[in-house]
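Take a look at the structure set out below.
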Ligand code: HEM
């Protein structure tokens, strides 16, 4: 294939990921990215196959990847990095069976649409009204900063049962946790600060829920510890997961949605006239401009695809000096938008009804759904 800019996190890929990944999909569907030492998989069937085979494409990247972090971090931050990955390795999102199922089972009943709709509609509306009231006098709003960023944290904090008066503190720390996805070499410092402060803050709340459980998600996790399903570190690690998992994803969804509607004022006007279209509009944004572009995996076994071999790892393959076993699975939305003639065939259209396969993948696959 023609030479390409390999910086997956660089301005070119960020500004127009669909053209960037579209080229990979057409020219090199299983692409070795030397900069991030990762395989990039972009075709729909391949992505679905990979996500369906966790025995080959493992989620346990924090546990199984012994190499230094990429993009590189400061040498002096190695201990911070190890501390951080210790907590992150407890996320059930980053575990395979049987640990994934054991941990997920504890909170599973709280992750179904009926439960969420019944319990959260009022909470979400209340938080939205409060955020809008904060900016009303100003007469203007910076959508991402004033609305999209605080909304998910405030809702998740309420879901967990964290005290109302601590919401601002949690909001600030959660922002630091998002540094996880950045490329600056000192990113581990912000994450370490957030983890240590949150762990110190959450630990006494867990202790309290062990003796006096309430109607909140922290009590569900504490009960998991009490009946032996979770260790204390797993309770703490997965509380952090919940704060992070719903955070950047929702920010991206709101930001991408507002942008799409601003670029399509006819649909914006329709939505204003008929608010019942909001569910279709949300699904359409998930399809049109994916909030999650990558689902990272690590090869747990050797696998051949498109005439290439993804090796299990340098550990069992000494003849391969370059570790060739990190894998980034790029989501199906890339597929949807980069099919030839896609723009013409499937322009933004929130009135379209019925979920498309690309939308299903956007909230995870198989057992790893949220
Ligand atoms: C627009 C919003 C969201 C999108 C697009 C989204 C997308 C995803 C995707 C693609 C996965 C699978 C990742 C993988 O397999 O590597 C996932 C998993 C997960 N998400 Fe979300 N998510 C969203 C909102 C949320 C919210 C609000 C929460 C709640 C706190 C949440 C919690 C989780 C959890 C706990 C998992 C792990 C599931 C498991 O491993 O069993 N997500 N999400």
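Each reported figure results from applying straightforward, stated rules to the coordinates on display, with no laboratory input. A quick note: this is a predicted structure, and the numbers were derived from the prediction, not measured. A quick note on method: Cβ atoms are made from the backbone with ideal geometry, for glycine too, and the neighbour counts reach across all protein chains shown.
Potential lengthening of the chain between residue 114 and residue 97 amounts to 3.5 nm, from the contour at 0.36 nm per residue minus the alpha-carbon distance.
Please give the Cα centre distance for the stretch 125-151 versus the stretch 270-288, rounded to the nearest Å. Cα centres, the stretch 125-151 to the stretch 270-288: 20 Å. Remark: the residue 210-residue 274 segment gains 18.4 nm on full extension, using 0.36 nm per residue and subtracting the alpha carbon distance. With both residues required to sit in the chain, DSSP beta bridges show an antiparallel share near 85%. Between residue 1 and residue 132, the FRET efficiency estimated from the beta carbon spacing at R0 = 51 angstrom works out to 0.60.
Once you order the gyration tensor axes a ≥ b ≥ c over the Cα atoms, which shape class does the stretch 72-245 get: rounded for a/c under 1.5, otherwise prolate or oblate by comparing a/b with b/c? Because a/c hits 1.5 or more and a/b fails to exceed b/c, the stretch 72-245 counts as oblate. Between the alpha-carbon centers of the stretch 10-44 and the stretch 180-231, tell me the distance in whole angstrom. Between the Cα centres of the stretch 10-44 and the stretch 180-231 lies a distance of 35 Å. Treating r as the C-beta distance of residue 232 and residue 305 and R0 as 35 Å, the FRET efficiency rounds to 0.30. First measure r as the distance between the Cβ atoms of residue 203 and residue 83, then evaluate 1/(1 + (r/R0)^6) with R0 = 22 Å and state the FRET efficiency to the nearest 0.05. Calculated transfer efficiency: 0.90. If you take the alpha carbon atoms of the chain and fit the smallest convex hull around them, that volume is 155 Å³ per residue.
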